[in-house]
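The structure under discussion appears below in the form of C-alpha cells.
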Number of protein chains: 2
Amino acid sequence: MASKWSRRLDWAEGRVDMTHGSGGRAMAQLIDELFVAAFDNLLLAKKNDQALFEVPAGRMVLTTDAYVVSPIFFPGGDIGSLAVHGTINDVAMAGARPLYLSASFILEEGFPLDDLRRVVESMARASREAGVPVVTGDTKVVERGKGDGVFITTTGVGVVPPPVVAPSGDRARPGDVVMVSGTIGDHGVAILSSREGLAFETSIESDSAPLHRLVARMVEVVPDIHVLRDPTRGGLSATLNEIAQQSGVGMVIEERALPVRGQVTAACELLGLDPLHLANEGKLVAITDRRHAQKLLDAMRADPLGAQAAIIGEVIDDENRFVQIETTFGGRRILDWLVGEALPRIC
Amino acid sequence: MASKWSRRLDWAEGRVDMTHGSGGRAMAQLIDELFVAAFDNLLLAKKNDQALFEVPAGRMVLTTDAYVVSPIFFPGGDIGSLAVHGTINDVAMAGARPLYLSASFILEEGFPLDDLRRVVESMARASREAGVPVVTGDTKVVERGKGDGVFITTTGVGVVPPPVVAPSGDRARPGDVVMVSGTIGDHGVAILSSREGLAFETSIESDSAPLHRLVARMVEVVPDIHVLRDPTRGGLSATLNEIAQQSGVGMVIEERALPVRGQVTAACELLGLDPLHLANEGKLVAITDRRHAQKLLDAMRADPLGAQAAIIGEVIDDENRFVQIETTFGGRRILDWLVGEALPRIC
C-alpha cells in the first residue's frame with residue numbers, strides 16, 4: 001500500500017528532529033509508521049488521545065515507572081523490553097492480572113531513527129509475548145543535550161481477581177517466611193558489564209522478564225500472600241528494608257540460602273559490590289504465612305521463571321525494623337540500604 | 001514530629017544528586033518528605049509500587065502524556081500544574097470522569113530542590129482543586145547534561161458514566177457543528193513570551209485549566225457529543241486536521257467566529273505565527289449534531305471555563321479531508337498542519 005505521507009522516513013540514516021515532537025505532520029507520520037504499526041492493536045489504531053475499554057467491577061491497580069537505563073541496549077534486553085516487563089511486574093506484585101499499558105517517549109534530537117525502531121519493536125514484542133497491549137501513548141522531543149537518546153515511561157493497569165487478598169508491603173508479620181523466585185543480581189551485572197570503561201567480561205544476561213504468569217500460579221495456590229515485591233533498584237536489600245519499614249518488623253536472611261550465580265559473585269568481588277544491592281528485573285520477593293510456604297515454593301518452582309526459587313529467611317519482631325543477615329561464616333550483620341550512588345541508571 | 005531521617009533535606013540550597021534516584025535511603029527520604037507529604041492521600045502513603053482502588057464495572061479510559069515544557073515556570077502555571085491539567089483533560093475528552101493520576105519524574109542532577117518543591121506543590125494543588133489525586137509515582141535521576149531540570153509524565157484513569165456515548169475523533173459527520181470553548185492561542189503566547197531572547201511583552205497567561213467539570217456539564221445536556229478534543233500541541237489546526245483524517249470528512253471554519261484575544265493576535269503578528277497553530281491547555285473542540293448545537297453552546301457558556309464558547313464552523317463531505325478556513329476577507333484557504341519546528345517544547 002502506498003504511504004499517505006509524501007516524504008518517506010529514512011530508517012537507515014534518519015534521526016529524530018524537533019519536528020517529530022511538534023504536533024504537526026512529521027509527528028503524525030512517525031506515530032503512524034512506527035508506533036501504531038509496531039504495537040498493532042485496535043485501541044491504539046483509533047488514534048484518540050486516550051484508550052477506552054471495558055472493565056469488570058472490582059479492584060483495579062495503577063502503576064507507573066520511568067526508564068532511563070544506560071546503555072539502552074544491554075545483554076538480555078533493552079530499554080523497550082525493560083519498560084514493558086518492569087511495569088507488568090509492578091502490576092503483578094499486587095496479585096493483579098495486567099490488562100493494558102501506556103507508553104510515553106521523551107526523545108533527544110539527533111537520536112537515530114533506526115535505534116528508535118529497534119527499541120519500539122522490542123517493546124512491541126515484549127508486550128505481545130506477555131499478552132498486555134500498549135493501547136495509548138505520547139511522544140515528545142527535546143533539543144540535543146537536553147535528554148539522552150530515549151527515556152520511556154510506561155504505566156500499567158490491571159485487576160485483582162476476586163478471591164485474591166492483595167499483597168501489600170505493610171502486611172509482613174513475625175513468623176512469616178521470606179522467599180525469592182531465583183538468582184539475584186543478574187540485571188545489575190549485565191548493565192555494569194555493558195558500560196564503557198568497566199574492565200570485566202561476563203556472559204551474564206539481564207533477567208528482565210514478565211512475572212505476571214508466575215504470580216497467577218502463586219495466588220492460585222495461596223490467595224493470601226502477605227507481600228510480593230520485585231527487588232529492582234537498590235536490590236534485595238532496599239526491598240527488604242522498605243518492607244520492614246512499612247510493616248514495622250525485622251527480618252533475618254540466611255546468606256547461604258540466597259541463589260547467586262558464580263559469575264555474579266565474581267563480578268561483585270571484582271567491583272567491590274554486594275549482589276544484595278544489585279537490581280533485578282525478573283525476580284520477586286514473596287512473604288507468606290509459614291503454613292503456606294512449602295505449597296507456594298512448589299508452585300513457584302513449577303514455573304520456568306521460578307525454577308530456582310528459595311526460602312531465604314523469616315520475619316521477626318523488631319521495633320528497630322532491622323534486616324539482619326546470617327553470614328556463611330556464622331555471624332550476623334545489619335543489611336543496610338545502599339548508601340551513595342554506586343549504580344546510577346540501572347533501570 | 002522528629003524526622004526519622006538522620007540528615008535533613010536542604011530545601012533552600014540543596015540540589016538533586018544521583019543518590020536521589022538510586023533506590024536507597026536518600027530516595028526514600030525525598031519520596032517521604034516531598035511527594036508523599038505534598039500529594040497527601042492514603043493510596044500514595046501506602047508506599048507500594050502501585051495503587052489499588054475499587055472501580056465500578058463499565059468503560060474505563062487510560063491516557064498518558066510527557067511534559068517537557070520550557071521554561072518550567074511560565075505566566076499562568078508551571079510544568080506541575082500543566083501535567084495535572086493536561087492529563088485530566090485527555091481523560092475528560094472521552095466524556096469520562098477522571099478518577100486517579102500517576103506521576104513519574106525524570107530529574108537532572110543539579111536541579112534545585114527548591115524548584116522541585118515548587119513544581120510538586122503546584123502539582124498537588126492542581127490535583128486537589130480538580131479532585132483527582134496522584135496515587136502512585138516514580139522518580140529517576142539522570143546525570144547533569146542528560147536531562148533538563150525536570151520532565152514529568154502523568155497518566156490518568158477515568159470512567160465514562162453509563163448514559164454517555166464516548167466521543168471519538170472518528171465520529172464527525174457531514175452537517176455536524178464545530179465549536180470551541182473559548183479563546184485560542186493563550187498558552188502558546190504565554191510560553192513564547194517567557195522564553196529568553198523573545199523581545200515582546202504581554203500580560204497573557206496560559207489558559208492551563210482542568211476541563212472535566214465543563215465536560216460533565218456538556219455530556220449531561222448532550223450525552224452523545226460526536227467528538228471532543230483539546231487543541232494542545234499543533235493548535236486548533238492540528239486538532240481539526242487530525243479529526244478530519246480520522247473521520248474521513250472535511251471542515252469549513254469561519255475565521256471571524258474564532259475567539260482570539262487582541263494581545264494574542266498582536267503577538268502572532270509580531271512573531272509571524274498563526275493563533276491556529278498555537279497550543280491551548282484549557283480549551284476544547286466539540287463537534288456535535290446540529291440539532292444539539294445551541295443546547296450544548298448554552299451549557300458551555302454556563303461554565304466559567306466555557307464563557308466565551310463559540311460555534312466556529314461545520315463538518316462537510318470532502319474526500320480530500322481538507323480543513324478550509326473562510327477568511328475575514330471573504331476568501332477560502334486550506335488550513336494546513338504546522339510544518340517545521342516553530343514551537344518546540346510548548347507542553
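The values are calculated or read from the model by the stated rules, or taken from the named source; none is laboratory data. All values reported here derive from a predicted model rather than from experimental measurement. Cβ placement follows ideal geometry from the backbone for every residue including glycine, while neighbour counts extend to all protein chains displayed. Just the protein is used for accessible areas: all its heavy atoms, side chains included, with ligands, DNA and RNA removed. Shrake-Rupley method; radii C 1.70, N 1.55, O 1.52, S 1.80 Å.
Condition check for A:A172 on (1) among the small types (G, A, S); (2) buried (at least 24 other Cβ atoms within 10 Å of the Cβ); (3) in a helix (DSSP H, G or I): one failure, at (3). When the range A:307-333 is filtered for residues that are among the hydrophobic types (A, V, I, L, M, F, W, C) and either open to solvent by 50 Å² or more (accessible area, probe 1.4 Å) or within 13 Å of A:V252 (Cβ to Cβ) (or both), the ones remaining, listed by number, are A:A307, A:I311, A:I312, A:V315, A:I316, A:F322, A:V323, A:I325, A:F329. Has the range A:336-343 got at least one residue that is touching a helix residue (DSSP H, G or I) at 6+ places or on another chain (Cβ under 6 Å) and crowded, with 21+ Cβ neighbours inside 10 Å? Scanning the range A:336-343, I find at least one residue that is touching a helix residue (DSSP H, G or I) at 6+ places or on another chain (Cβ under 6 Å) and crowded, with 21+ Cβ neighbours inside 10 Å, so the answer is yes.
Going by the conditions given, is A:W11 outside any helix (DSSP H, G or I) and away from chain B (no Cβ under 13 Å)? Yes.
If you go through the range B:273-304 and keep only what is open to solvent by 10 Å² or more (accessible area, probe 1.4 Å) and either in a strand (DSSP E or B) or under 15 Å from B:P231 (Cα atoms) (or both), you end up with B:D274, B:P275, B:H277, B:K283.
Within the range A:82-120, restricting attention to residues that are charged (D, E, K, R) and farther than 24 Å from B:L107 by Cα, the residue that is nearest to the other protein chains (Cβ to nearest Cβ) is A:R97.
Name the residue that is farthest from the other protein chains (Cβ to nearest Cβ), counting only residues in the range B:40-60 that are more than 22 Å from A:P162 (Cα to Cα) and under 24 Å from the mean Cα position of the chain (by Cα). Top of the filtered list is B:D40. A:L62 meets the stated requirement of being assigned to a strand (DSSP E or B) and in contact (Cβ under 8 Å) with a residue 24 or more places away in the chain. Could you tell me whether any residue of the range A:315-333 is under 26 Å from A:A166 (Cβ atoms) and within 22 Å of the chain's Cα centre (by Cα)? Checking the range A:315-333: not a single residue is under 26 Å from A:A166 (Cβ atoms) and within 22 Å of the chain's Cα centre (by Cα).
All told, A:A37 falls short of being away from chain B (no Cβ under 14 Å), open to solvent by 20 Å² or more (accessible area, probe 1.4 Å) and either within 16 Å of A:A130 (Cβ to Cβ) or more than 28 Å from the chain's Cα centre (by Cα) (or both). Of all residues in the range B:227-246, those satisfying the criterion of being over 19 Å from the mean Cα position of the chain (by Cα) and open to solvent by 20 Å² or more (accessible area, probe 1.4 Å) are B:Q245, B:Q246.
Any chance the range A:52-59 includes a residue that's out of contact with any strand residue (DSSP E or B) (no Cβ under 8 Å at 6 or more places or on another chain) and either open to solvent by 40 Å² or more (accessible area, probe 1.4 Å) or part of a loop (DSSP other than H, G, I, E, B) (or both)? Walk me through it before giving the result.
To start, the set of residues in the range A:52-59 that are out of contact with any strand residue (DSSP E or B) (no Cβ under 8 Å at 6 or more places or on another chain) comprises none.
The answer is no, given that none of the residues of the range A:52-59 is out of contact with any strand residue (DSSP E or B) (no Cβ under 8 Å at 6 or more places or on another chain) and either open to solvent by 40 Å² or more (accessible area, probe 1.4 Å) or part of a loop (DSSP other than H, G, I, E, B) (or both).
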